[in-house]
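The values are calculated or read from the model by the stated rules, or taken from the named source; none is laboratory data. Note that the coordinates shown come from a computational prediction; the quantities given were computed from them, not determined experimentally. Here the Cβ positions follow ideal geometry from the backbone for every residue, glycine too, while neighbour counts run over all protein chains shown. For the accessible areas, the whole protein counts, side chains as well, though only heavy atoms, and no ligand, DNA or RNA atoms are used. Shrake-Rupley method; radii C 1.70, N 1.55, O 1.52, S 1.80 Å.
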Amino acid sequence: MSRRTAFFSDELCFWHSAGMHALVLPVGGWVQPPAAAGFAESPETKRRLKSLLDVSGLSRNLLLRTASPASEEDLLRVHPASYLERFKALSDAGGGDLGPQAPIGPGTYEIAKLSAGLAIAAVDAVLSGEADNAYSLSRPPGHHCLADQAMGFCFLSNIAIAIEAARARHGLERIAVVDWDVHHGNGTQSIFVSRDDVLTVSLHQENCYPPGYSGAEERGTGKGEGFNLNVPLPAGSGHDAYLQAMHSIVVPALERFRPQLIIVACGYDANGVDPLARMLLHSDSYRALTAAVREVAERHCGGRLVLVHEGGYSEAYVPFCGLAAIEELSGVRTAVEDPMLELIELQQPGERHAQFLSEYVETLGRRFT
Ligand code: ZN
């Protein structure tokens with residue numbers, strides 16, 4: 001069955017530039033300047049996803065939209081004025097380091113506002129009934145950004161800004177965030193950690209980013225206790241471990257919470273060829289993860305589901321993972337076949353490692369029931 005899926009993007013989001021890097025290393029000293037763009041958080045991972053949607057024909061089945069930048073009022077619901085002023089001043093001055101692993105260039109402030117605006121509009125499209133579900137190709141990403149601190153390529157908390165805008169405009173009481181970016185959704189977690197109206201769930205590679213972070217013990221604080229959930233998975237986890245964690249831990253947590261809207265922090269950096277992590281997912285993994293949250297959304301909140309793009313650093317492979325997620329959202333399957341699928345399937349954990357992972361997820365799940 002096909003669904004009305006709205007897709008929000010804007011070319012300007014691809015124009016945020018952090019200057020010359022090799023992967024994540026600023027050029028200089030012993031780091032040779034790369035021949036081409038080089039920076040891990042490259043616009044090409046996202047632009048090539050949009051291109052694949054177009055050439056595959058999937059775009060013709062989507063409600064293609066852009067949006068206005070987030071307003072100052074929208075930003076101030078999440079970020080203090082002092083942080084926004086600091087961000088704008090550095091952006092106006094031509095850029096520099098706004099935080100750890102958070103280099104910006106000229107105009108990044110305005111582009112980040114647009115990135116957050118796309119997420120706000122995607123949520124709006126679903127809550128207004130214009131679309132059944134939606135995807136926001138937000139760039140720069142947002143899930144590492146704290147209220148008053150940029151980090152990890154993230155300068156504004158796109159999802160938190162969209163949640164607060166939705167609460168202000170539509171009066172929602174329970175919103176769930178599922179973060180399957182391979183890195184911990186530390187920014188979103190920190191913004192909602194003491195709240196019981198936003199459930200934050202992060203599936204991530206343990207000890208990866210923020211460096212050394214696992215998070216299994218953190219469950220929220222004060223009124224928010226029990227409304228934050230971390231599922232740290234060991235490096236080398238593949239399709240089966242992720243799907244087991246999704247169905248045995250994340251889906252039951254969502255069902256207990258009964259959200260009125262589900263937002264996914266949709267990073268693709270748990271894929272098997274990502275340069276910034278060591279997991280083994282492929283396009284069918286993202287298809288299955290999307291199906292799992294879509295089915296919960298259909299059972300509990302009228303299908304209201306929004307995916308907001310986060311990380312994913314393989315220019316060649318992110319488009320195929322993103323296409324699979326958006327095919328699943330829309331219910332339309334294109335003729336595209338994932339050219340990496342078989343190779344990554346062959347590299348899934350062997351029997352003993354798979355057994356270890358299965359028991360690991362089972363043990364982790366017992367903490368949450
Ligand atoms: Zn990431």
Using only the Cα atoms, work out Rg/Rh for segment 52-179, with Rh taken as the Kirkwood radius, to two decimals.
-> 1.00
Scaled to the compact-protein estimate 2.2 N^0.38 Å, what is the alpha-carbon radius of gyration of segment 110-172, rounded to two decimal places?
-> 1.10
From the residues HIS170, CYS208, THR188, which one has its Cα farthest along the dipole of segment 157-270 in the positive direction, the dipole being from +1 and -1 charges on Cβ of Lys/Arg and Asp/Glu about the Cα centre?
-> HIS170
Connecting every pair of Cα atoms under 10 Å apart in the chain and solving the GNM, the largest mean-square fluctuation among GLY350, GLY302, GLY96 falls on GLY350
Summarise the accessible area of segment 1-115 (1.4 Å probe, protein heavy atoms) by the percent that is carbon and sulfur.
-> 59
For segment 49-153, what is the accessible area per residue in Å², given a 1.4 Å probe and the full set of protein chains?
-> 36
Computed curve, segment 194-316, Cα-only Debye sum without solvent term, log₁₀ I(q)/I(0) at 0.09, 0.19, 0.22, 0.23 Å⁻¹, is -0.25, -1.13, -1.43, -1.50
Whole-Å semi-axes of the ellipsoid equivalent to segment 1-85 (Cα gyration tensor, √5λ, descending) = 30, 24, 9
With Cα springs under 10 Å, the Gaussian network model of the chain assigns the largest mean-square fluctuation among SER115, SER56, SER314 to SER56
For LYS223, the aspartates and glutamates lying under 19 Å Cα to Cα, once residues fewer than eight places off in the same chain are dropped, come out as GLU164, GLU173, ASP196, ASP197
When the Cα centres of segment 216-230 and segment 76-131 are compared, how far apart do they sit, in Å?
-> 27
Computed magnitude of the charge dipole of the chain (debye, nearest 20; Cβ of K, R +1, Cβ of D, E -1) | 580
Pick out, in residue order, every one of the GluC sites (Glu not before Pro) in segment 183-287 that is DSSP loop and has at most 15 other C-beta atoms within 10 Å; say none if there are none.
-> GLU217, GLU225
Within segment 8-88, report the trypsin sites (Lys or Arg not before Pro) that DSSP leaves as loop and that have at most 10 other Cβ atoms within 10 Å.
-> none
Tally up the carbon and sulfur contribution to the accessible surface of segment 223-318 as a whole percent, 1.4 Å probe, everything protein left in place.
-> 48
Return, in residue-number order, each cysteine of the chain whose C-beta is not under 4.7 Å from any other cysteine's C-beta.
-> CYS13, CYS208, CYS266, CYS301, CYS321
Just the number, please: percent antiparallel of the DSSP beta bridges in segment 1-135, rounded to the nearest 5.
-> 40
How large is the charge dipole for segment 50-197, taken about the Cα centre, if only the Cβ atoms of Lys, Arg (+1) and Asp, Glu (-1) carry charge, to the nearest 20 debye?
-> 240
For every helix of n ≥ 4 consecutive DSSP H residues, a contribution of -39,500 (n - 2.57) applies; sum these over the chain, divide by its total residues, and give [θ] at 222 nm rounded to the nearest 500 deg cm²/dmol.
-> -11500 deg cm²/dmol
Would you list, by chain and number, the lysines whose Cα falls below 28 Å from the Cα of LYS46, excluding same-chain residues fewer than 8 positions away?
-> LYS88, LYS113
Based only on Cα atoms, what Rg/Rh ratio does the chain have, Rh being taken as Kirkwood's radius?
-> 0.94
Long-range Cα-Cα pairs in segment 246-336 (distance over 21 Å), rounded percent = 32
